[in-house]
Amino acid sequence: DVIVTLSEENFFQPVYQWHQDRGLIFGCDHGGRGRDVAEFGDYFRTQRWNQGPGSDQPFLSKDIIKAKVAASISHLYERPRVWLEGFHSSGWGTSSADVTDAIFANLVAGYNLLSFHGLYYSTKGGWWEWAPPDNHFRMPYWQQIDPLMNSVERLSYLLSQGVHQCDVAVIYPVEPVIAGMEGNQSVNTAFKTGEELYDNGIDFDFIDFESLGRSVVTGKELHVSGEKYKVLVIPSMKAIRFESLQKIKEFKKAGGIVVNIGELPEATEKNGANDPEVAKLVNNIFTKSQNLIQVTNAESVVNLDLRFLEASL
């Protein structure tokens, strides 16, 4: 927490504010692209300091997890743009059809601002290839690209309006990784759950502990930044924030649907493990009830409980 807070105060926030003061959009494509939850200490917390959170989708990829991490940061911290860098290293043989398909699939997934990966002022006679292609004047479809770019421009504008709405929030599991408590299992569970939900037509956001903490339980929903979540998924998190447990308890008591996959929480930042107060909270939350779903793996969320979720939503 100390490292992340100092990084925010001395780097990420000043960079954000410099661009904000000048009416500019800043986005950055980092190594983990949201899949490394502990990058910079906490990827979610540090990357909210972008006007356009985002990432590259190399090789014409359509990685829903990268898209959803960036889009979720945008939704929860009210950033108007989700930046897509496309498409690193797809090759000189990339066709206009390839580019069109990849752009539209990623716009559907949550991006709403496109910049092509490279405009190379020189390729040293064509033999020097760093992350080809150059999706500009060197490509044979450049003469006919205006209608595609006009379409992307219109779609990007439309997709940056209004407030995103979905029913399901999956906790972004930084805490188990930082605590060294089966973090890889938690991350794999969270991302597999996201993929299963999306593949079955259920939209979702990842939610960080701070957004969960400031959310307001209204009716049977979690309200935050215009989002209204009816279902909260806990992805096998042995370590979790204490305030997250408190909010989960409040949400469940109000009738919200809580889905826990795999392991139950054991430790928080408050008093570590073996805390009687945490044990009491966990026992209260995870006592079997109508609106608590306990499953063993990510596939179960859809395979066993999809009909229940759909009926509830």
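The values are calculated or read from the model by the stated rules, or taken from the named source; none is laboratory data. Because the structure is a prediction, the values reported are computed rather than measured. Cβ placement follows ideal geometry from the backbone for every residue including glycine, while neighbour counts extend to all protein chains displayed. Calculation scope for accessible area: heavy atoms of the full protein, side chains included, ligands and nucleic acids excluded. Shrake-Rupley method; radii C 1.70, N 1.55, O 1.52, S 1.80 Å.
See the values below:
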quantity: Residues listed by number, segment 92-116, amide nitrogen under 20 Å from Leu155 label point at 7 Å toward C-beta; calculated: 94-116
quantity: Ranked order, Val152, Val15 - accessible area, probe 1.4 Å, largest first; calculated: Val15, Val152
quantity: Proximal charge balance of Asp63 [Cβ under 11 Å; K/R count +1, D/E count -1]; calculated: +3
quantity: Rg to Rh, two decimals, where the chain supplies the alpha carbon set and Rh follows Kirkwood; calculated: 1.01
quantity: Gap separating the Cα centres of segment 238-278 and segment 50-102, nearest whole Å; calculated: 33
quantity: C-alpha long axis of helix 96-109 to longest principal axis of the chain, angle in °; calculated: 30
quantity: Lysines whose Cα lies under 29 Å from that of Lys247, excluding same-chain neighbours fewer than 8 positions away; calculated: Lys66, Lys68, Lys192, Lys220, Lys228, Lys230, Lys238, Lys270, Lys280, Lys288
quantity: Antiparallel content of DSSP bridges confined to the chain, in %, to 5; calculated: 25
quantity: Spatial extent of segment 177-271: Rg and Dmax, with the Cα atoms as the point set, Å; calculated: 13.1, 40
quantity: Protection proxy ranking, peptides 34-43, 4-13, 232-241, average beta carbon neighbours within 10 Å, highest first; calculated: 232-241, 34-43, 4-13
quantity: Between helix 276-285 and the chain: long-axis angle, C-alpha atoms, 0 to 90°, nearest 10; calculated: 80
quantity: Per residue solvent-accessible surface (Å²) - the chain, probe of 1.4 Å; calculated: 46
